[in-house]
Amino acid sequence: MTDTGLPKRTLGNTGLQVTTLGYGAMSLDDRFGRTVTVDEARTVLNAVLDAGINLIDTSPDYGPSEEFIGESIAHRRDEYVLATKVGCPVDIDRGQQGHVYTRRNVIAAVEQSLRRMRTDHLDIVQFHGSPSRAALEEDGVLQALEDLRRDGKIRFVGMSGTLPNIEDHLQMGVFEEYQIPYSIVQREHEAAISEAARQGAGTLIRGGVARGGPSEEKAWDVRRLPEVPQERPRQTWEQAGLDVLLDGMNRMEFTLRFTLSHPDVHTTIVGTANLDHLRANCEVARKGVLPADVVAEAKRRLDAAGG
Ligand SMILES: NC(=O)c1ccc[n+]([C@@H]2O[C@H](COP(=O)([O-])OP(=O)(O)OC[C@H]3O[C@@H](n4cnc5c(N)ncnc54)[C@H](OP(=O)(O)O)[C@@H]3O)[C@@H](O)[C@H]2O)c1
């Protein structure tokens with residue numbers, strides 16, 4: 001494993017040293033209008049590790065993503081922290097709508113992920129879909145994960161949480177890591193990220209490049225960000241007049257560095273199936289946070305614009 005100069009931060013009390021740029025393997029699914037072949041996935045996943053990225057996030061319901069990881073990089077398992085999710089329907093629950101938070105599903109999902117990704121342990125298992133506290137307490141699903149931990153199959157229990165339920169999750173105080181959506185055009189979880197970190201949890205951001213929307217290439221023509229109306233990111237950017245702050249940066253650099261500038265963010269799992277984007281994102285992550293006065297001015301403008 002070579003040091004490629006990507007900065008690392010400690011993922012809260014898990015103690016894991018993770019690169020500030022992680023990899024979101026949902027981009028290997030065909031939901032972005034293109035099909036990624038197994039050969040392309042192998043190239044991308046190996047390039048991710050060669051670039052020094054040491055955290056990969058996936059889910060049972062990202063199409064072939066888990067299988068691609070198993071086929072392509074299981075032999076490099078000691079080079080990455082592996083995060084996946086539970087609550088997604090697995091084979092036993094075919095035909096179910098939405099997520100399924102039962103002990104049986106959680107155990108079956110973890111066993112399936114271990115098999116698909118050809119590993120004997122998952123580092124982080126997150127509840128997908130921000131379940132309610134009642135759903136979490138109903139059928140012993142938290143205990144199921146504790147049992148799996150005792151058996152050495154998982155290391156840390158996380159939550160993919162969003163408002164409003166994340167407030168309950170934070171009150172429960174049992175999660176060791178949170179996956180939270182955040183970017184310069186999606187700031188509603190800014191305080192929740194800080195509260196999670198204050199409690200000692202690891203904070204892992206999704207949507208940290210706003211799905212590539214600010215880039216010239218995508219020009220806001222992207223599938224909507226989760227939880228955000230499609231037109232809102234562009235309006236937020238334009239109403240806040242963020243272009244005047246670029247100072248030679250392109251919008252993607254500014255966007256990713258803004259996400260990394262949140263003082264309580266530990267890592268950002270950016271998705272891509274494009275090697276040029278991967279390289280560019282690594283370059284940006286190496287540059288690190290934005291100057292404090294630029295962040296402050298961006299927030300002042302965003303607040304004034306209602307973003
Ligand atoms: N827990 C949940 O409910 C949940 C929901 C959504 C996502 N996630 C996780 O979070 C990860 C990231 O989330 P996300 O995909 O929604 O958001 P994201 O990382 O902000 O956006 C990924 C998109 O941005 C594009 N992109 C990346 N770098 C780029 C660059 N330099 N220039 C132009 N476009 C660029 C990618 O397209 P190209 O392939 O063209 O580069 C990709 O479609 C996912 O992979 C998944 O692991 C979790």
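Condition first: surrounded by 14 or more Cβ atoms within 10 Å (Cβ to Cβ), within 8 Å of the ligand (Cβ to nearest atom) and in a helix (DSSP H, G or I). Now tell me which residues in the stretch 259-283 satisfy that. Once the filter is applied, which keeps residues that are surrounded by 14 or more Cβ atoms within 10 Å (Cβ to Cβ), within 8 Å of the ligand (Cβ to nearest atom) and in a helix (DSSP H, G or I), the stretch 259-283 yields His277, Leu278, Ala280, Asn281.
Could you list, in sequence order, the residues of the stretch 226-263 that are at pLDDT 95 or above and of a type in the set (Asp, Glu)? Selection gives Glu238, Asp243, Asp247, Glu253. Within the stretch 228-250, the presence of a residue that is under 16 Å from the mean Cα position of the chain (by Cα) and more than 9 Å from the ligand (Cβ to nearest atom) is excluded.
Would you say Ser113 is surrounded by 21 or more Cβ atoms within 10 Å (Cβ to Cβ) and within 20 Å of Tyr178 (Cβ to Cβ)? For Ser113, the condition - surrounded by 21 or more Cβ atoms within 10 Å (Cβ to Cβ) and within 20 Å of Tyr178 (Cβ to Cβ) - is met. For the stretch 216-225, the condition holds for no residue, the condition being that it is surrounded by 15 or more Cβ atoms within 10 Å (Cβ to Cβ), outside any loop (DSSP other than H, G, I, E, B), more than 8 Å from the ligand (Cβ to nearest atom) and over 16 Å from the mean Cα position of the chain (by Cα).
For Val48, are the conditions met, namely being among the aliphatic types (A, V, I, L, M) and in a loop (DSSP other than H, G, I, E, B)? No: the conditions fail for Val48.
Results for (1) among the acidic types (Asp, Glu); (2) modelled with pLDDT of 95 or more, shown as yes or no for each residue.
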{"site": "Tyr178", "(1), (2)": "no, yes"}
{"site": "Gln186", "(1), (2)": "no, yes"}
{"site": "Glu195", "(1), (2)": "yes, yes"}
{"site": "Arg198", "(1), (2)": "no, yes"}
{"site": "Ile205", "(1), (2)": "no, yes"}
{"site": "Trp220", "(1), (2)": "no, no"}
{"site": "Arg224", "(1), (2)": "no, no"}
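From the set of residues in the stretch 13-43 that are among the small types (Gly, Ala, Ser) and within 9 Å of the ligand (Cβ to nearest atom), which is nearest to Val265 (Cα to Cα)? Per the stated criteria, the residue is Gly22.
The residue list Ser113, Ser72, Ser130 contains one member that is at pLDDT 95 or above, in a loop (DSSP other than H, G, I, E, B), in contact with a helix residue (DSSP H, G or I) (Cβ under 7 Å, 6 or more places away or on another chain) and among the small types (Gly, Ala, Ser), which is Ser130. Here's a check for you: in the stretch 169-210, which residue that is touching a residue at least 60 places away in the same chain (Cβ under 8 Å), more than 30 Å from Glu146 (Cβ to Cβ) and not in a loop (DSSP other than H, G, I, E, B) is nearest to the ligand (Cβ to nearest atom)? The qualifying residue nearest to the ligand (Cβ to nearest atom) is Ser183. Taking every residue in the stretch 52-73 that is on the phi > 0 side of the Ramachandran plot and pairing it with any residue that is within 11 Å of the ligand (Cβ to nearest atom) and not in a loop (DSSP other than H, G, I, E, B), at least 6 positions away or on another chain, the pairs with Cβ-Cβ distances below 8 Å are Gly52/Cys282; Gly63/Leu28; Gly63/Arg31.
Hey, does the stretch 234-253 have a residue that's in a loop (DSSP other than H, G, I, E, B) and touching a strand residue (DSSP E or B) at 6+ places or on another chain (Cβ under 8 Å)? Within the stretch 234-253 (the criterion being in a loop (DSSP other than H, G, I, E, B) and touching a strand residue (DSSP E or B) at 6+ places or on another chain (Cβ under 8 Å)), the answer is no, since none of the residues qualifies.
In the stretch 111-148, which residue that is on the phi > 0 side of the Ramachandran plot and more than 15 Å from the ligand (Cβ to nearest atom) is nearest to the chain's Cα centre (by Cα)? Only one residue tops the list, namely Arg118.
A single entry from Leu49, Leu28 fulfils the requirement of being out of contact with any Asp or Glu (no Cβ under 7 Å at 6 or more places or on another chain) and surrounded by 14 or more Cβ atoms within 10 Å (Cβ to Cβ): Leu28. Of all residues in the stretch 237-251, count the ones that are touching a helix residue (DSSP H, G or I) at 6+ places or on another chain (Cβ under 8 Å) and either within 21 Å of Gly15 (Cα to Cα) or surrounded by fewer than 22 Cβ atoms within 10 Å (Cβ to Cβ) (or both). Residues in the stretch 237-251 being touching a helix residue (DSSP H, G or I) at 6+ places or on another chain (Cβ under 8 Å) and either within 21 Å of Gly15 (Cα to Cα) or surrounded by fewer than 22 Cβ atoms within 10 Å (Cβ to Cβ) (or both): 7 in total. Residue count for the stretch 116-127 under the criterion of being assigned to a loop (DSSP other than H, G, I, E, B) and among the β-branched types (Val, Ile, Thr): the result is 1.
The residue of the stretch 146-168 that is farthest from Asp57 (Cα to Cα), among those that are polar (S, T, N, Q) and touching a residue at least 60 places away in the same chain (Cβ under 8 Å), is Thr162.
The values are calculated or read from the model by the stated rules, or taken from the named source; none is laboratory data. The structure presented is a predicted model; accordingly, all values stated were derived computationally and were not measured. Using ideal geometry, Cβ is built from the backbone for each residue, glycine included, and neighbour counts are taken over all protein chains shown.
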